[in-house]
Amino acid sequence: MKIEKPRVNEDYEYRPFQDILLEEDPELSNCNVRDAEFESDMLDRARLSNMIIRNSRFTETDFQGIDLLDVRFENCDFSNANLSKASIHRVEFVNCKLLGADLTESSIGNVSFEECNISMAMFGESKLEKVQFTECKMNSADFFSLKHKQLVFDRCQLTAVNFQDTKMKGLDISTSSFEELTVTIDFLSGCKVSGEQAIYFAKLLGLQVTDL
């Protein structure tokens, strides 16, 4: 799967993230941000584009309806942030924390998450297309009633992830690990799994597996 990378430039000028509050419409673009501290704030329907954001904290911030286009986040913390109803396209999250973040009812496309902690994050009723999670901790994340196309979980930790009411056809979880998953049995068809995972799902179906 080929994911379009963010169209960003290392030569952007540096600006403080708080400059977004100076705009009539909350928007920042064509700049670099680092070491921002924007916690427990509210920024409704903000727009960030053509940016690189590093080493910044946005914990418990309300970003509902945010529009992210061509942005790379490195070492950023979005724990318990509200990113619901977001539009996130051509974005990279590298070594970021989204612990308990709310991304429900969002549109997410051409996005990669690499070595991120996404445990307990919520993606319910979102649309994901060309999205890859690589070496991410995702325990107890929620993918309820997800619509997806070209969605990959590569070497992730998926214990207690909720895929209820999500069709698993086209999903590849074969390189990832989990102790248990919540799935809708009728929607398992077409999911790519390892042999060990196949035994787990066979037991969910009520099969008695021998020769173990």
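The values are calculated or read from the model by the stated rules, or taken from the named source; none is laboratory data. Being a predicted model, the structure only gives us computed values, none of them experimental. Backbone-built Cβ (ideal geometry, glycine too); neighbour counts: all protein chains shown. Only protein heavy atoms, including side chains, enter the accessible area calculation; ligands, DNA and RNA are left aside. Shrake-Rupley method; radii C 1.70, N 1.55, O 1.52, S 1.80 Å.
Odds and ends about this structure:
- Projected label distance in nm at ARG155 and TYR14, using a 7 Å step from Cα toward the beta-carbon: 3.2
- Region 153-212 shape via C-alpha gyration tensor axes, a/c threshold 1.5: oblate
- Given charges at Cβ of Lys, Arg, Asp, Glu: region 99-164 dipole, positive-most of LEU128, PHE113, THR159: LEU128
- GNM result for the chain, Cα springs below 10 Å: residue of VAL91, VAL111, VAL33 fluctuating most strongly: VAL33
- Reachable lysines from LYS192, criterion Cα separation under 23 angstrom, eight or more residues apart if same chain: LYS2, LYS127, LYS130, LYS137, LYS147, LYS149, LYS167, LYS169, LYS203
- Computed FRET value (nearest 0.05) for LYS169 with LYS5, which takes r as the C-beta separation and R₀ as 30 Å: 0.65
- Nitroxide proxy distance, nm - points 7 Å out along Cα→Cβ at GLU115 and GLU23: 3.0
- Principal axis dimensions, region 95-212 - Cα atoms, whole angstrom, descending: 42, 25, 21
- Of the GluC sites (Glu not before Pro) found in region 1-32, those in coil by DSSP whose Cβ has at most 15 other Cβ atoms within 10 Å are GLU4, GLU10, GLU23, GLU24.
- Taking a ≥ b ≥ c as the square roots of the eigenvalues of the alpha-carbon gyration tensor, region 38-85 is classed oblate because a/c is 1.5 or more while a/b is no larger than b/c.
- Relative to the current alpha-carbon distance between LEU204 and GLU39, full extension at 0.36 nm per residue lengthens the span by 55.2 nm.
- Region 62-110: C-alpha gyration tensor shape, a/c 1.5 cut-off, then a/b vs b/c: oblate
- Within the chain, helix-based [θ] at 222 nm, where runs of 4 or more DSSP H residues each add -39,500 (n - 2.57), nearest 500: -1500 deg cm²/dmol
- Answer label for Rg/Rh (Cα atoms, Kirkwood Rh) (calculated), chosen among (i) 1.09; (ii) 1.03; (iii) 1.06: (ii)
- If the chain linking GLU60 and THR134 were pulled fully straight, counting 0.36 nm for each residue of separation and taking away their Cα-Cα distance, it would gain 24.2 nm.
- Carbon plus sulfur fraction of accessible area for region 109-157, probe 1.4 Å, in percent: 42
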